[in-house]
Ligand code: CMP
């Protein structure tokens, strides 16, 4: 706490009080003695302060310092006891605390209590118009010495008669003025006390003050009472003082009692101003994150209440407002909400999640919050959905900008930007190649990234084996080829045909895969070597299901997570393509029509029953292979009106198969939002091929039921929901599909070719006609 330059008003008040004392009760201001006793032991002086027995000056230097603050050595009477001396300090022209309080109470009827009078004298003390002889910062109603500023000089002038009279006249107004500001000064005095020294009365006074503070208005009585015991007063004299810097660790929460501060962010400057009653510094505490901004005093002499981190967490963690709104230039830029659930389990209090915000502020916040040592799901959500609200063309400069502006800021921050870029590149993959700005940006970023960072690449060879190599993040194709050649012992006949990433699950780029083929064509690329197609009848259901799944995996693997998002938000709007997803969805319909076609083209009843059994078995095998997409397609094919109306066929179906089919139909029951299916999937481990139309439906539902922007801010909750659906796709593919390759039967190649070339009738009318021809309507 620094003594401020006294204001004119208070300076004058002090002069009037002094003159009034000198003209009415001059004996109150006089030279005074202060008794001290000194012990000498082992060459060390110990000075015991007799009047204030709670204070011991432990060595001679402190004694000398005391002497130098205005006290003069008055007498020194050696005592009989050899190593004890007693002497007095002599203070010039001082008053005594208790006497000042007595005097004030006598003077004015508007001063009712000693506590109130203490507040009035505290006003003078805070501004340095009255000083304790030993520079104590709070006025006390005790036998302690205080001296008026005017008495500090050697020959302080005494007031003339006229001056004395004038002071008497003005005394009441002065006391009134002081009694108005006294309570605040008194409150500050209490708040400066160590919490353990606060009396019950003190706590009551603080509590009453807290009732008027805006930042605390939503808190309960109990919480305010608890706060009264821990709040600390802090004041700073000069405008421009930095309370703390962006990036530092947060240690306290602040409430502005008086004055105002600027919130300053690197590269942005002042983003907003906070005033009396506002609070700040909560974010870093609740999130255990670095300070998101620097706080700079906007005017001289600002007062704050602070709560340290430990107390904050203890008292406010569970009750603090659920929502935090950050403003820049008067506009909301980020809205955070306390996330429940995880709060108790986590070691660092509750954490806040983004509800909405401007794209740039959300990005800034996520970078700030990013922990390099752990997975970070919020930045994942951002990376997965950002193209809806900030296209790559704007994201790249934003990342670059913040990276450059903060170059001097911290290395960690740079690392965070790079980490996000990696995440982003891993998610977007090949899609970025179509965008010049993104490619250029990525090249620069990768150069900036530590070139020592190496990634593990899996290199797939045509014989279905793979090997791994380690290359620097920014390695060129030629370098990769070289590394593989070294490993395999030959560079001939090798060609890099593709590079893909399984997404960010293990920190992005480290899970990049390389598909590697020799230039000699694969057997299947040469076309079928077998004779005419074997009939479907002869193929085992398991083989068919296996090859269907294997093909579905190829198609599913090619679908980029983001295609679902493009599909939902409109690929035209986003100028993106969804070809792989379209192919995959088309395959779903193809399987359905294949089932219907086969059933409707089978004219012999007994064969049709066999066929029906076979499809149920195929569905069962697809389910075993966790290919739920094909499973649904087959069952939906069977439940198509053209098939389910074939009652003669169904009647002949053995009851075991009827039961299976019944179970499968239950699984497809759409009621309660496909609860049966969701419960089943939740129990499965990846690899899974999910029922894609349902994921699309979920996406559309989220999209249509929630606005993308709320008051110009990105509705990040919606983005989180969208990202969660995309993450399901990611989860399903987090393990590669590699069933036991004991496909013993001989006609594997035929089955493989067959399932890839279904011959289907995709016209419902035609199928219906065929169906009626097989089993005419019963009269
Ligand atoms: P914290 O991160 O602990 O420290 C800086 C504080 O500034 C931050 O908490 C918020 O309380 C406050 N603040 C106010 N407005 C903003 C803003 N627009 N961006 C970041 N911090 C802000």
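Quick notes on this one:
- Label-reachable residues, the stretch 113-156, where backbone N falls under 16 Å from a point 7 Å from residue 204's Cα toward its Cβ: 113-117
- When each of the peptides 118-129, 762-773, 165-176 is scored by how many other beta carbons lie within 10 Å of its residues on average, the order from highest to lowest is 118-129, 165-176, 762-773.
- Averaging 1/r over every pair of different alpha carbons in the stretch 544-657 and inverting the result gives a Kirkwood radius of 15.4 Å.
- Using a Förster distance of 56 Å, the FRET efficiency for residue 757-residue 337 (Cβ separation, nearest 0.05): 0.60
- The per residue volume of the convex hull around the alpha-carbon atoms of the stretch 170-252 is 154 Å³.
- For 685, 248, 717, order by how many other beta-carbon atoms lie within 10 Å, fewest first: 685, 248, 717
- Theoretical FRET efficiency, 1/(1+(r/R0)^6), r = Cβ-Cβ of residue 25 and residue 251, R0 45 Å, to 0.05: 0.40
- The fewest-to-most ranking of 94, 622, 387 by surrounding Cβ atoms within 10 Å reads 387, 94, 622.
- Cα Rg, Dmax, the stretch 559-608, angstrom units: 17.1, 53
- For the stretch 174-318, radius of gyration divided by Kirkwood radius, i.e. Rg to Rh on alpha-carbons: 0.98
- Prolate/oblate/rounded label for the stretch 244-296 (Cα gyration tensor, a/c 1.5): oblate
- 20 °C / 1.002 mPa s Stokes-Einstein diffusion coefficient of the stretch 86-203, Kirkwood radius on C-alpha pairs, µm²/s: 139 µm²/s
- Taking the inverse of the mean reciprocal distance over all distinct Cα pairs, the Kirkwood hydrodynamic radius of the stretch 601-710 comes to 15.5 Å.
- FRET efficiency, 1/(1 + (r/R0)^6) with R0 22 Å, evaluated for residue 605 and residue 535 via beta carbons: 0.75
- Whole-number D in µm²/s for the stretch 531-599 (Stokes-Einstein; Kirkwood sum over Cα pairs; 10 °C, 1.306 mPa s): 113 µm²/s
- Gain upon complete extension [residue 704, residue 558; 0.36 nm per residue less C-alpha separation]: 49.9 nm
- Summarising the label geometry, the points placed 7 Å from Cα in the beta-carbon direction at residue 270 and residue 163 lie 4.3 nm from one another.
We did not get these values from a lab; they are worked out from the coordinates using the rules stated. What you see is a predicted model, and the numbers here were worked out from it, not measured in a lab. Glycine also receives a Cβ, built like all others from the backbone with ideal geometry; neighbour counts cover every protein chain displayed.
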